[in-house]
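The values are calculated or read from the model by the stated rules, or taken from the named source; none is laboratory data. Please read all numbers here as calculations on a predicted model, not as lab measurements. Note: ideal-geometry Cβ built from the backbone for every residue, glycine included; neighbour counts use all protein chains shown.
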Amino acid sequence: MRIAVLNGANLDMLEHRDPALYGGLSLSELETKIYQWALERQCTARCRQTNHEGEYIDWCHEALEWADGVVVNPGAWAHYSWAIRDALELFSAPVVEVHLSDIAEREEWRRFSVVEDIAAARFIGKGPDGYREALEYIVGATA
Ligand code: DQA
């Protein structure tokens with residue numbers, strides 16, 4: 001089983017962002033955890049991060065060709081990018097939304113997600129463990 005993990009805008013700066021919200025981990029430390037969790041569940045994760053919305057959309061399209069599921073943390077794009085939603089709508093494989101911080105408990109503008117009603121599952125405010133739960137969900141859903 002192959003799972004695409006697509007992190008969006010500013011997630012490359014994780015270790016510099018508020019540790020109270022994001023935990024202080026770097027993106028590469030987070031990705032190392034994700035690869036390990038995937039391995040333990042006999043699946044392959046491919047993690048990518050970009051700050052460019054068009055590239056993110058291209059990677060969604062590419063993942064359509066090979067992924068058995070996709071884990072998305074679009075960062076702030078989650079709150080307004082209808083183009084990313086349109087790309088994710090193309091999946092028949094499960095799309096799982098993750099946010100490290102609890103967007104429901106933060107500023108008003110973070111509470112809405114363009115992905116929320118098309119996501120098969122959402123793991124919000126669980127820190128890195130949200131990605132583990134997302135992988136577990138996809139493995140369970142596609143078993
Ligand atoms: C985030 C939450 C978003 O509101 C924010 O813009 C991010 C990170 C999270 O993982 O908690 O960049 O997606």
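Before we move on, is Tyr22 in contact with a Ser or Thr (Cβ under 9 Å, 6 or more places away or on another chain) and under 28 Å from Glu105 (Cα atoms)?
Spelling it out, Tyr22 is indeed in contact with a Ser or Thr (Cβ under 9 Å, 6 or more places away or on another chain) and under 28 Å from Glu105 (Cα atoms).
Pick from segment 52-63 the residues that are of a type outside the set (Ser, Thr, Tyr) and surrounded by 15 or more Cβ atoms within 10 Å (Cβ to Cβ): which of them is farthest from Ile3 (Cα to Cα)?
Only one residue tops the list, namely Glu53.
Quick one: in segment 69-95, of everything that is among the polar types (S, T, N, Q) and touching a residue at least 24 places away in the same chain (Cβ under 8 Å), which residue is nearest to the ligand (Cβ to nearest atom)?
Asn73
Restricting to segment 114-130, name every residue that is closer than 14 Å to Gly8 by Cα and among the small types (Gly, Ala, Ser).
The answer is none; no residue qualifies.
Taking the conditions exactly as written (away from the ligand (no atom under 14 Å from the Cβ), touching a Pro at 6+ places or on another chain (Cβ under 7 Å) and at pLDDT 95 or above), does Gly54 satisfy them or not?
In short, no.
Counting only residues that are over 15 Å from Gly130 (Cβ atoms), give me the strands (runs of 3 or more DSSP E) lying completely in segment 1-73 with at least 1 of them.
2-7, 44-49
Quickly run through segment 1-50 and pick out the residues that are of a type in the set (S, T, N, Q) and more than 14 Å from the chain's Cα centre (by Cα).
Ser26, Ser28, Thr32, Gln36, Gln42, Thr44 - these are the residues of segment 1-50 that are of a type in the set (S, T, N, Q) and more than 14 Å from the chain's Cα centre (by Cα).
Mind listing whichever residues of segment 97-114 are closer than 18 Å to Ile84 by Cα and acidic (Asp, Glu)?
Glu97
Can you go through Arg41, Arg46 and tell me which one is touching a residue at least 12 places away in the same chain (Cβ under 8 Å), in contact with a strand residue (DSSP E or B) (Cβ under 7 Å, 6 or more places away or on another chain), among the basic types (Lys, Arg) and away from the ligand (no atom under 15 Å from the Cβ)?
None of the other options fit; the residue is Arg46.
Looking at this structure, is Glu116 more than 10 Å from the ligand (Cβ to nearest atom), of a type in the set (D, E, K, R) and in a loop (DSSP other than H, G, I, E, B)?
Yes; evaluated as a whole, the condition is true for this residue.
Just one of (1) of a type in the set (Asp, Glu); (2) under 19 Å from Ala9 (Cα atoms); (3) more than 10 Å from the ligand (Cβ to nearest atom) trips up Asp102, so point out which.
Asp102 satisfies every listed condition except (3).
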